[in-house]
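Inspection log for the structure reproduced underneath, given as structure tokens.
The values are calculated or read from the model by the stated rules, or taken from the named source; none is laboratory data. Just so you know, these numbers come straight off a predicted model, no measurement behind them. FYI the Cβ positions are ideal-geometry reconstructions off the backbone, even for glycines, and counts take in every protein chain you see. Quick note on the areas: whole protein, heavy atoms, side chains included, nothing else; ligands and nucleic acids left out. Shrake-Rupley method; radii C 1.70, N 1.55, O 1.52, S 1.80 Å.
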Amino acid sequence: MAISNPPETYDQKLDPSTVSTPSLRRRPSAPDTSSTNLPPAAEEPVLDFSSSSSVSGVDTGSDGEIRRVEKVDSSTDGGVGDGGNRRGDVAGHVMEESELPLRFMYRASAPAHRRVKESPLSSDLIFKQSHAGLFNLCIVVLVAVNSRLIIENLMKYGLLIRTGFWFSSKSLRDWPLFMCCLTLPVFPLLAYMVEKLAYRAFISEPVVILLHVIITTAEILYPIFVILRCDSAVISGITLMLIASVVWLKLVSYAHTNFDLRALSNSSKKGELVYPSHDNYHDVSFKTLAYFVMAPTLCYQQSYPRTTCIRKSWVIRQLVKLVIFTGVMGFIIEQYINPIVKNSQHPLKGNFLYALERVLKLSVPTLYVWLCMFYCYFHLWLNILAELLCFGDREFYKDWWNAKTIDEYWRMWNMPVHKWMVRHVYFPCLRNGLPKGVAVMIAFLISAVFHELCIGIPCHIFKLWAFLGIMFQVPLVILTNYLQNKFKNAMVGNMIFWSCFCILGQPMSVLLYYHDVMNRIGRTE
């Protein structure tokens, strides 16, 4: 392409400040082909990159206008040298292909393979890549598959949710449980009175410990007695036991923390070395206790990180989500789980393949219910409560879904309980000379006891399925830790965790407890 304007007219169309190192020179009208490896070409501007690795150049269009080439990168193999020659063996004089004019791009002599690269799904890169597209694919597949299951279920059973799903005349028989729940705050009040007496040195330390043991024991036995005496619904009993367990954990933390604060205060008065912390200041305040009882935490302290304001619109949005996902849980339970368990046999008394088929069929809806429960309680409800109370520390869970071992899952999925266990069980055991393994076993034992209380007591059966299920986690912890140490970068432990979580855990427990409850009701009738 011939250039109509002489070289001295370039400055009229280009700002000299925008054109850096490359020099433009005009190719002679009759080029000497003896000094070049390429055949004679039409006249066109040539870019000289001999003195810069990243420069701006110019290009001419079909209309003779000079256009700017923004970037030249010397790291790319193959380039444009003096006289328009493109030589792949001249390193350091190469433009980025994406920035080159079309006539310079993808020449046959340009190398297509420039460096060592791994496939995106190889083991070295799979966890460094973005998988947003695969995540979207999973969402589409889940929507398609579950839409078909919903339609199939409605065609087979019809709509199973009735008007008495949320409240019926049978719900009135649960009023003793409701009254028991309303009277549970009496026990924190008693604990406050004991701490006030101890703060004023009216009672000795052994008496304080004895009174706290009596209060905490009565607090957990009181709802158990009420549930066993009343023929209440299982859901109502589970709700009461969960609330009573939370109050018990708070009472233990309240008593243990104040005991430690008194010990630190006495050590400070004697001139002994005390760990510097603002919590070492000991005071007993009813207002502090009342805030602790309502706050979304199980660990007592005299002050908490606080936020400055309440976002009312945010709270309303979370409440709407809470109602929606609670309805989704009810729909899945009534429409899917109940028909499956009603049409099943006892998993330990029937055909093995049949029991396995029932467990696998039950695994998906129970998983959905558990995930909805986790989202409703740990994310929505606890965050709503924290927002209303201006509670600052809202790490109620971590990314437990990425847990590579069972041990990681138990340390990440329920942070309030995990912090309570570490603070009031694990480290006290270590300070008293117990090995780490024994401390972990004690923590799992306490967890297993409360799981059994929260499920076995409302069901009025004592076969220890929940207790054994939690204690079975101990060998799984050892197994997954061994596999994680053996396969450093593999997700073997995560796969075992999800397999146990989705198949062997909850579906089997649901079938066992359902049939035991049905057998108990049948014998009673």
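Given q = 0.17, 0.30 Å⁻¹, what are the Debye log10 I(q)/I(0) values for the stretch 396-448, with equal point scatterers placed on the Cα positions and solvent ignored? Log10 of I(q)/I(0), two decimals: -0.53, -1.14. Here the simple spin-label model places points 7 Å from the Cα toward Cβ, and for I139 and A290 these points are separated by 4.5 nm. Per residue, the average separation of C-alpha pairs within less than 8 Å and at least 6 apart gives the stretch 183-259 a relative contact order of 40 percent. Tell me which residues come under 5 Å, amide H to amide H, from A403 once H is placed; ignore anything under 5 positions away on its chain. Counting only residues 5 or more places away or on other chains, the set is empty. Under 5 Å from the amide H of Y304 lies no amide H of any residue 5 or more positions distant or on a separate chain, with H modelled from the backbone and absent for Pro and chain starts.
For the stretch 382-525, a crude dipole built from +1 on the beta carbon of Lys and Arg and -1 on the beta carbon of Asp and Glu, taken about the Cα centre, is about 420 debye to the nearest 20.
When a/c is below 1.5 the answer is rounded, else prolate if a/b is larger than b/c, else oblate, so apply that to the stretch 370-514 with a ≥ b ≥ c taken from the square roots of the Cα gyration tensor eigenvalues. It is rounded, given that a/c, with a ≥ b ≥ c, falls under 1.5. Computed from phi, the 3J(HN,Hα) profile of the stretch 200-213 under the Karplus parametrisation 6.51, -1.76, 1.60 (θ = phi - 60°) reads 8, 6, 7, 10, 7, 5, x, 5, 4, 4, 4, 5, 5, 5 Hz, with x in place of Gly and Pro.
Quick one: accessible surface of V284, probe radius 1.4 Å, all protein chains present, in square angstrom to the nearest 10. Accessible area of V284: about 10 Å². Distances between placed amide hydrogens fall under 5 Å for F391 paired with T307, all partners being 5 or more residues away or on another chain. Annotation for the stretch 233-254 versus the stretch 472-510: alpha-carbon center distance of 28 Å. Using the Cβ of N494 as centre and a radius below 15 Å, the other residues enclosed give a net charge of +2, where K and R count +1 and D and E count -1. Here is the list for the stretch 457-497: trypsin sites (Lys or Arg not before Pro) lying in DSSP coil, each with at most 16 other C-beta atoms within 10 angstrom of its C-beta, are K463, K488. Note on S130 and L242: the model spin-label points, each 7 Å out from Cα along the C-beta direction, lie 3.7 nm apart. Ordering R200, R229, R423, R358 by accessible surface, largest first, gives R229, R200, R423, R358; the 1.4 Å probe counts only protein heavy atoms, with every chain in place.
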